[in-house]
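The values are calculated or read from the model by the stated rules, or taken from the named source; none is laboratory data. Everything numeric here is computed off the predicted structure, so don't read it as measured data. Here the Cβ is made from the backbone with ideal geometry for all residues, glycine too, and neighbour counts use every protein chain on show. Just so you know, the surface numbers come from the protein's heavy atoms only, side chains and all, with ligands and any DNA or RNA stripped out. Shrake-Rupley method; radii C 1.70, N 1.55, O 1.52, S 1.80 Å.
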Amino acid sequence: MEQYWNRKRMWDRVDFTNQTVIVTGAGNGIGKGIAFLYAEKGANVVLADIDATAGAQTVKKIKEQGGKALFIQTDVRQEVDIIQLMNKAHQAYGQINALINNAGVSKFQSPYDLSVENWDDIINTNLRSVFLASREAAKWMRHDEEGGSIVNIASTRAIMSEPNSEAYAATKGGIVALTHALAASFSEDRITVNAISPGWIETGNYENLTKSDHEQHLSKRVGKPDDIARACLYLTAKENDFVTGINLVVDGGMTRKMIYEE
């Protein structure tokens, strides 16, 4: 029990005061949860989202709770928007310490019907944006003596699939591969690059989930955005600079549980 409370006190001491953290896709869902937790830990949080209304509302709520936040409307498919995002973040706070590449879309459609235009849109939103944002953030991080941290939100769909998920799966598998490639390339600049693969993370009404939903997990519960947010804190904490190039699966053990239909 004493060890548990020591760990709890250590977690409470996690501090990102005066650090600048950029979160893409931060207006809703997992990205919103990530932004809130970094703000709670004292970070200057820069929220990027194509949805200006959702982004502004999230910033308002963070500030109401005493946090520091800035919203920059960003279409991550556009290189010029990503460059502008990094420049404005640096202008506002003087540094970029961490980047969470969370923005993404999904479209489940038969491969017989999936158009090239839809394929390209998903690739550009989910995968190309991770490269572009990482590259532009690293240009600022490399000038900091302590480097920086990049976390890319992938998915367990990088390693398992349902029908009609080809474009989404390709982007998430690509993110995992891109992560260890960037970790190698940025290592000389003291920049860690890691991926998180969430499983089932409920961003709607958690109370509507059923017992059978929770029982699909070894953890006996469906995940919440905070589960991913805490993983981001771990991977971006300065003390954990030994961790780089990994794909951290946060799925309540779902991909390790054998499930048989009755």
In Å², nearest 10: area of Lys61 left accessible to a 1.4 Å probe:
90
Pairs of alpha carbons in the range 144-232 whose separation is greater than 14 Å (percent):
71
Gain in span if fully extended, Lys238 to Lys63, counting 0.36 nm per residue against the direct Cα distance
60.5 nm
What does the convex hull of the Cα atoms of the range 199-262 come to per residue, in Å³, rounded to a whole number?
97
The chain - accessible surface per residue (Å², probe 1.4 Å)
52
Top to bottom by accessible area (1.4 Å), largest first, where do Ile50, Ile83, Ile96 land?
Ile50, Ile83, Ile96
Evaluate the distance, in nm, between pseudo-label points positioned 7 Å from the Cα of His180 and of Asn18 along their respective Cα→Cβ axes.
3.7
At a 1.4 Å probe, what is the % contribution of carbon and sulfur to the accessible area of the range 157-212?
51
With the contact rule set at Cα under 8 Å and sequence spacing of 6 or more, what percent relative contact order holds for the chain?
17
Explain nothing, just the number: relative contact order of the range 163-252, from Cα pairs under 8 Å at least 6 residues apart, as a whole percent.
40
Toy charge model, Lys and Arg Cβ at +1, Asp and Glu Cβ at -1: the chain dipole around Cα centroid in debye, rounded to 20, equals 680
What does the highest-first list of 135-142, 151-158 look like by mean Cβ count within 10 Å?
151-158, 135-142
Given charges at Cβ of Lys, Arg, Asp, Glu: the chain dipole, positive-most of Tyr206, Leu37, Ile100
Leu37
Return, ordered by residue number, the residues of the range 237-252 whose backbone nitrogen is under 11 Å from a label point located 7 Å along Cα→Cβ of Glu146.
237-240
Express in Å², to the nearest 10, the accessible area of Tyr234 obtained by rolling a 1.4 Å probe over the protein heavy atoms while all chains stay in place.
100
Taking a straight Cα-to-Cα line shorter than 30 Å from Lys238, and setting aside same-chain lysines fewer than 8 residues away, one finds Lys8, Lys32, Lys41, Lys60, Lys61, Lys63, Lys68, Lys88, Lys139, Lys172, Lys224
Tell me, in nm to one decimal, what length is gained between Thr210 and Ala52 on full extension, where the rule is 0.36 nm per residue of separation less the Cα-Cα distance?
53.5 nm
Based on the Cβ-Cβ distance of Ile159 and Ser219, what FRET efficiency does E = 1/(1 + (r/R0)^6) give at R0 = 25 Å, to the nearest 0.05?
0.85
For the range 1-147, report the translational diffusion coefficient in µm²/s to the nearest whole number, using Stokes-Einstein at 10 °C, 1.306 mPa s, and a Kirkwood Rh over Cα pairs.
98
Which net charge results for the neighbourhood of Arg128, defined as the other residues with beta-carbon distances under 11 angstrom from its beta-carbon, given Lys and Arg at +1 and Asp and Glu at -1?
-1
Along the charge dipole of the chain, pointing to its positive end and built from +1/-1 on Cβ of Lys, Arg, Asp and Glu, which listed residue (Pro225, Asn18, Ser134) has its Cα farthest out?
Asn18
Over the range 22-64, volume per residue of the alpha carbon convex hull, in Å³
53
Would you compute the Debye intensity of the chain from its alpha-carbon atoms alone, equal scatterers and no solvent, and pass along log10 I(q)/I(0) at q = 0.11, 0.16 Å⁻¹ to two decimals?
-0.60, -1.27
Tell me the accessible surface of Ile159 in square angstrom (1.4 angstrom probe, heavy atoms of protein chains only), to the nearest ten.
110
MRE, 222 nm, helices only [DSSP H, n ≥ 4, -39500 (n - 2.57), over the chain, to nearest 500]
-13000 deg cm²/dmol
